[in-house]
Amino acid sequence: MSILEYNREEELKKLRNAEYENGKTDGKAEGKSEDLLLILEFRWQAPEWLKERIFQEADALCLESWMKAAMNAGTLEDFLGKTGLAEN
């Protein structure tokens with residue numbers, strides 16, 4: 001087989017690896033969302049719109065920064081201001 005020929009098995013392997021990596025990324029974000037909500041619910045009563053917004057976020061680093069803000073905020077309003085979520 002020449003280098004220019006289509007290798008179906010190799011393409012399927014690449015596709016499976018990409019799907020696996022996407023699943024890992026999605027799973028990490030979902031776990032961080034759950035952790036953030038646990039913190040928020042422990043400290044305050046999180047409104048439904050905030051819960052929905054948190055689960056919409058797919059960026060794990062953003063969710064981590066929100067967790068840090070939740071742990072350092074004095075009030076829910078303070079948390080919303082620090083994260084910019086109050087503007088949404």
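Tabulated values for the structure
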read-out: Hey, Ala60 in contact with a Ser or Thr (Cβ under 9 Å, 6 or more places away or on another chain) and surrounded by fewer than 18 Cβ atoms within 10 Å (Cβ to Cβ) or not; value: yes
read-out: Members of the stretch 38-57 that are assigned to a helix (DSSP H, G or I) and crowded, with 17+ Cβ neighbours inside 10 Å; value: Ile39, Leu40, Leu50, Ile54
read-out: Residue check, Lys14 modelled with pLDDT under 85, part of a helix (DSSP H, G or I) and either surrounded by 10 or more Cβ atoms within 10 Å (Cβ to Cβ) or among the small types (Gly, Ala, Ser) (or both); value: yes
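The values are calculated or read from the model by the stated rules, or taken from the named source; none is laboratory data. Quantities reported herein were computed from a predicted structural model and do not represent experimental measurements. Here the Cβ is made from the backbone with ideal geometry for all residues, glycine too, and neighbour counts use every protein chain on show.
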